[in-house]
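Before any comments, here is the structure.
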Amino acid sequence: MRWPVPALLVLSACASTETSKPDPSGTLHRLNGTEYDNTVRSLLGTSQRPADRFPSDGSLYGFDNIAAALTVSPVLVDLHEMAIDDLLTELFEGARIEPTRRPVDAEAPHLTQQRGGLIVEDEGYWMNDKGDMVTVIFVDIPIDGHYVWEVELFEGTGNVAVRVDGFVEHEARISGAGTHSFDLQLEAGYRVLDLSLTQPSLNGIFIDLLTLDGPLAPAGDAHDQLGEVISCEPADKPVKCARQIIADFGRMAWRRPLTDGEVNSFAQLYGEANALGLSWEDSTKAALKAVLFSPEFLFRIEDLALPAGPPLLEDHAIASRLSYFLWSTTPDAALMAAADAGELSDPAGIEVQVHRMMADQRAVALVDNFAGQWWGTNQLLWALPDSQRWDDSLRMAYINELDFLAAEFLLEGRSMRDILLFEETHGNERLADHYEVPYPSGGDWVTLDLSGSGRKGLFTTGGFLTINGSEVLRGKAVMEQLMCTTFPPPPPGAADDGAEAVEAVDGSLRERIELTRTYNPECTGCHKVLDPIGFTLGTFDPAGAWQDVDQYGFEIDTSGSTPDGIPVADAGQLSALLADDPAFAACIVDKTLTYALGRAPARLEDDIVAQIGDGFVAGGYLFEELAVAIATSDIFRSNAFLGGRP
């Protein structure tokens, strides 16, 4: 599908109603917020995050890249246009973000979080023991760049560490009243900064004010990429140069070569702007704005290789699918060159690209976006468990632990069967303390041995337990996220059924939960599966800390059963049995395929999905081989359901 009329009018027409419903086969697929930000970064070298201002993306099947959930509203269109103006201004003129000072009182409620130490009114936050910490969250770091964190000391001497998102950036000894400064290179977005004592301090230190200043210098901006966008010298042949820029930039922005008619349309816009007296630069900017404002940029438009033949995609559409599957961004030059050469019509050519792309650092997007949603890691940013052991340093430790683990399974070739079996993890001293396991010296983030701790596999990581803070939620998460079995919502009023009678019972939490089910028979069918799984995780509190007794003082019974009713003594036995359950391997395939396609597999595609799953298991549960099998399958290479509706 093509839009030969001016792009600005077309997209406005697309958004003339509150929402527009994309094609359910996924052939019209809007970029979600993460993909949008990554794409403009790839195209323009910016570190702006314009999608932070966009309406929240919808979600289906646990992911926010599902075509049917990615609607368009007039608000989104307006903000998209504003973003383009800001991005092109930065490209042609440089970043205009002025340094900002962000002072925070060390003892300020809701702005800081303390661990250990003591808040002293009018003097600040007093720390004297190893591990005492003050944490500040900044949700609005505007761009990547150089920042300075100033620590105003009221008095005292101590050895401190400065961390960004849980990783040590500086270690220093600070002493005496005054300001102590730490240079930081921060990425745009949500950042957690903390200051902690690394050794006991005899008299302690009083922290009065914590001020983040910056950006003092951007870590490069879109203006640095101007020479790559303006790929010719306009002095002698300005119109010819403008056409070349439109064709070259349009090819990358639209993820396919522009037709002559499309180039002519944008060149005409350049000419009309120039005739009105705009400079060559501003006229070119107007044409580039139209390129970016086109539906061909905001949507992934998937064309067929042969309109009258089988529903297989042409090479550039396959390139886009690959890049947004593995990198969450637009194709790079090498992938576009492969598409230009027709190499992606051949599964062997696709396999070459998958291996290349998986070895590229951009594949970390699988950790952030695929595992981040599948495992729920992204939800930890906003988690507030009901536990006195919770703080933001633990939040970041959980996030980083899950990211390290996801990288092992997705990027480093570890068998994904071990997702349920690992007895080693990655952690810092804060995580080791919380897990009550030894913390070996020799680095900030190290390998932690979990043997003997009651923890084994993903179910028992603090992050998973915190996101799913109760026995019922934990059982539901195991079944839905890792076994791909869904359950209907509870009937209205189910939470209130028998609540007063149950609360009056003198019994353990488990006994009360079991009694609750007797008051509403409609709930029994689901809970006879969910509860026995969740009970195995009862020895962990809402923040994932170990507990021997429940909130009523009763010793916790961790016996339970698998979905098939096989008895287990605890979560470790449950994990071992589920790791060999064919439903677990099938669920990994289903989740990956759904994320890769931007839609759920159709029922009549089951035979192809089963073949992919058989190869995945036979090949040792390796993610890269699964990615190859998916990307070379007819399901991935087609823009229609193979066999019928879902």
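Once the piece of chain linking D129 and D85 is laid out straight, how much longer is it, given 0.36 nm per residue of separation minus the C-alpha distance between them?
In short, 10.7 nm is gained.
For the chain, take the alpha-carbon Rg, divide it by the Kirkwood Rh, and send me Rg/Rh.
1.00
Go ahead and run the numbers for FRET between E272 and Q379, Cβ-Cβ distance against an R0 of 51 Å, rounding to 0.05.
It comes out at approximately 0.55.
Could you calculate the FRET efficiency of L473 with V505 from 1/(1 + (r/R0)^6), where r is the beta carbon distance between them and R0 is 25 Å, rounded to 0.05?
Calculated transfer efficiency: 0.70.
With a bin width of 10 angstrom, please list the P(r) values of region 293-449 as percents of all Cα-Cα pairs, from the 0 bin to the one holding the largest distance.
9, 28, 27, 18, 12, 4, 0
V75 to V549: extension gain in nm, 0.36 nm per residue of separation minus the Cα-Cα distance?
Gain in length upon complete extension: 165.5 nm.
If you wrap region 55-145's Cα atoms in a convex hull and average its projection over all directions, what's the area in nm²?
Taking the Cα atoms of region 55-145, their convex hull projects to 10.6 nm² on average.
Counting helices only, and only those DSSP H runs with n ≥ 4, report the 222 nm mean residue ellipticity of the chain as the sum of -39,500 (n - 2.57) divided by its residues, in deg cm²/dmol to the nearest 500.
-11000 deg cm²/dmol
For region 544-646, what does the relative contact order come out to in percent, with C-alpha contacts under 8 Å and a separation of six or more?
About 20 percent, as a whole number.
Only Lys, Arg, Asp and Glu count, each charged at its Cβ (+1, +1, -1, -1), so figure out the dipole size of the chain about its Cα centre, rounded to 20 debye.
1780
Given a 1.4 Å probe and heavy atoms of the protein chains only, how would you sort Y519, Y190, Y147, largest accessible area at the top?
Y519, Y190, Y147
At q = 0.16, 0.22, 0.34 Å⁻¹, what base-10 log of I(q)/I(0) does the Debye formula yield for region 595-634 when every alpha carbon is treated as an equal point scatterer in vacuo?
Taking Cα atoms of region 595-634 as identical point scatterers yields -0.38, -0.71, -1.23.
State the dimensionless ratio Rg/Rh of region 521-646 (Rg: radius of gyration of Cα atoms; Rh: Kirkwood radius).
Here the Rg-to-Rh quotient is 1.11.
For the residue pair S387 and D607, what label-to-label distance in nm results when each label sits 7 Å from Cα along the Cα-to-beta-carbon direction?
4.9
For A337 and L202, calculate 0.36 nm times their separation in residues minus their Cα-Cα distance, and state this gained length in nm to one decimal.
Gain on stretching A337 to L202: 42.2 nm.
Set the Förster radius R0 to 51 Å, insert the Cβ-Cβ distance between K528 and E155 as r into 1/(1 + (r/R0)^6), and round the FRET efficiency to 0.05.
0.25
Can you give me the P(r) profile for region 434-563? Cα pairs, bins 5 angstrom wide beginning at 0, each as a whole percent.
The calculated distribution, bin by bin, is 2, 10, 18, 21, 19, 14, 8, 4, 3, 2, 1, 0.
Relative contact order of the chain: what whole-number percent is it, with Cα pairs under 8 angstrom and at least 6 residues apart?
13
Hey, for a label at W280 modelled as a point 7 Å past Cα toward Cβ, could you say which residues of region 77-92 have their backbone N under 17 Å away?
Zone members listed by number: 92.
Normalised by the residues of region 104-231, what does the relative contact order come to in percent, with Cα pairs under 8 Å and at least six apart?
Across region 104-231, relative contact order equals 35 percent.
The values are calculated or read from the model by the stated rules, or taken from the named source; none is laboratory data. This structure is a prediction, so every number in the text was calculated from the model and none was measured. Every residue, glycine among them, receives a Cβ derived from its backbone with ideal geometry; neighbour counts consider all protein chains shown. These accessible areas exclude ligands, DNA and RNA; they are computed on the full protein's heavy atoms, side chains included. Shrake-Rupley method; radii C 1.70, N 1.55, O 1.52, S 1.80 Å.
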